[in-house]
1. For residues that are of a type in the set (D, E, K, R) and surrounded by fewer than 23 Cβ atoms within 10 Å (Cβ to Cβ), scanning just region 21-46, find the one that is farthest from GLU244 (Cα to Cα).
2. Say we look at region 226-263 and pick out the residues that are among the β-branched types (Val, Ile, Thr) and surrounded by fewer than 18 Cβ atoms within 10 Å (Cβ to Cβ); which of these is nearest to the ligand (Cβ to nearest atom)?
3. Can you tell me which of ARG243, ARG253 is within 28 Å of ALA39 (Cβ to Cβ) and within 19 Å of the chain's Cα centre (by Cα)?
4. Quick test of your reading of the structure: ARG211 fulfils all but one of (1) more than 16 Å from the ligand (Cβ to nearest atom); (2) closer than 30 Å to LEU71 by Cβ. Name the failing condition by number.
5. Is one or more of the residues making up region 219-229 over 21 Å from LEU12 (Cβ atoms), over 21 Å from the mean Cα position of the chain (by Cα) and not hydroxyl-bearing (Ser, Thr, Tyr)?
6. Count, please, the residues in region 224-263 that happen to be part of a strand (DSSP E or B) and out of contact with any strand residue (DSSP E or B) (no Cβ under 7 Å at 6 or more places or on another chain).
7. Just a yes or no: is a residue in region 153-165 within 16 Å of the ligand (Cβ to nearest atom) and not aromatic (Phe, Trp, Tyr)?
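The values are calculated or read from the model by the stated rules, or taken from the named source; none is laboratory data. In this text, all values refer to a predicted model and were calculated from it rather than measured experimentally. When we count neighbours, we look across all protein chains shown, and the Cβ atoms used for this are built from the backbone with ideal geometry, even at glycine.
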Amino acid sequence: MPIEMIISDKELEQAGFYWRELEGVQALICAPLEKAGFANGFSTRLGGTSPMPDGALNLAGFNEDSAENILENRRRFLKLFAGGDAPWALAGCWQVHGSAVRLINNLSEAKPAEDARGDTVYCDAIVSNAPGVLAGVKLAEVATKALARMTAEYQSNPREVCVAIGPAAGACCYEVGTDVIEAFRNSFPGQNLFAETRMDHACIDLLRANRAQLISAGVNQNRINIAPLCTMCRTDLFFSYRREKTVQGKVGRLMSVIGRKNE
Ligand SMILES: [Zn+2]
């Protein structure tokens, strides 16, 4: 039996996270969410079978990698969340940079993403209260839309919601142009989200923007856990489309999952 490793890291620990590793596959776990009874994890590029480059844990993007690779990588990733008797059903979606929220009521609704060649449902966020379903997404832009759907479907109280925001392009690296700056200034009046870099360009703090959005939607700020890891700084651990697209052509996809354990 392979032994699962817990890697300790002080800075991560203070932010509410720790690393879990099994057979070379490594994921970031949010401890408060796990303690509340939710299996969860943010994938890294480590321990996979895709040539992006060698041994990459690419979890999506069926147009750029073989289905065999992606499905094998997903199997390896899901092994990190073993524990109950029943296996997890991974519910994915083909993300479209919109704000469609997919509701999953039971295991069979979650299944297609795992069995079919490709994620066949188009959406940007998943909400579910079905045990055994791992909701997997690749973006964090639609947090408040997902929260609104949870409030509508499950009568969730935003004050009691616990949030984990995983590794993302950080304020240290994520440069945007005038159009994005303008749009965010209009959506987040009074929030200082930018650090000017050069003429008509600035680095944007998307984590701060997400956090501000969640807080204004009623989430308790003490229940928002943010991983202190930038995907663009740490390409040794994560895929970064921005950093790698021009260099390598094909870039692997990370995935974040969360689900209720089977009772
Ligand atoms: Zn960075």
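1. As a first pass, look at region 21-46 and keep what is of a type in the set (D, E, K, R): 21, 23, 34-35, 45.
Keeping just the survivors that are surrounded by fewer than 23 Cβ atoms within 10 Å (Cβ to Cβ) gives 21, 23, 34-35.
On the way: GLU21: 24, GLU23: 26, GLU34: 32, LYS35: 35 Å.
For region 21-46, the residue satisfying everything is LYS35.
2. If we take residues in region 226-263 being among the β-branched types (Val, Ile, Thr) and surrounded by fewer than 18 Cβ atoms within 10 Å (Cβ to Cβ), then THR235 is nearest to the ligand (Cβ to nearest atom).
3. On the way: ARG243 fails: within 28 Å of ALA39 (Cβ to Cβ).
Of ARG243, ARG253, the one residue that is within 28 Å of ALA39 (Cβ to Cβ) and within 19 Å of the chain's Cα centre (by Cα) is ARG253.
4. (2)
5. No, region 219-229 contains no residue that is over 21 Å from LEU12 (Cβ atoms), over 21 Å from the mean Cα position of the chain (by Cα) and not hydroxyl-bearing (Ser, Thr, Tyr).
6. Residues that pass the stated criteria total 1.
7. First pass over region 153-165, keeping only residues within 16 Å of the ligand (Cβ to nearest atom): 165.
Next, only the ones that are not aromatic (Phe, Trp, Tyr) stay: 165.
Scanning region 153-165 turns up at least one residue that is within 16 Å of the ligand (Cβ to nearest atom) and not aromatic (Phe, Trp, Tyr).
Yes/no per residue for (1) modelled with pLDDT of 90 or more; (2) of a type in the set (Lys, Arg); (3) more than 16 Å from the ligand (Cβ to nearest atom):
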| site | (1), (2), (3) |
| --- | --- |
| GLU141 | no, no, yes |
| TYR174 | yes, no, no |
| GLU196 | yes, no, yes |
| HIS201 | yes, no, no |
| ILE204 | yes, no, no |
| ILE215 | yes, no, yes |
| VAL219 | yes, no, yes |
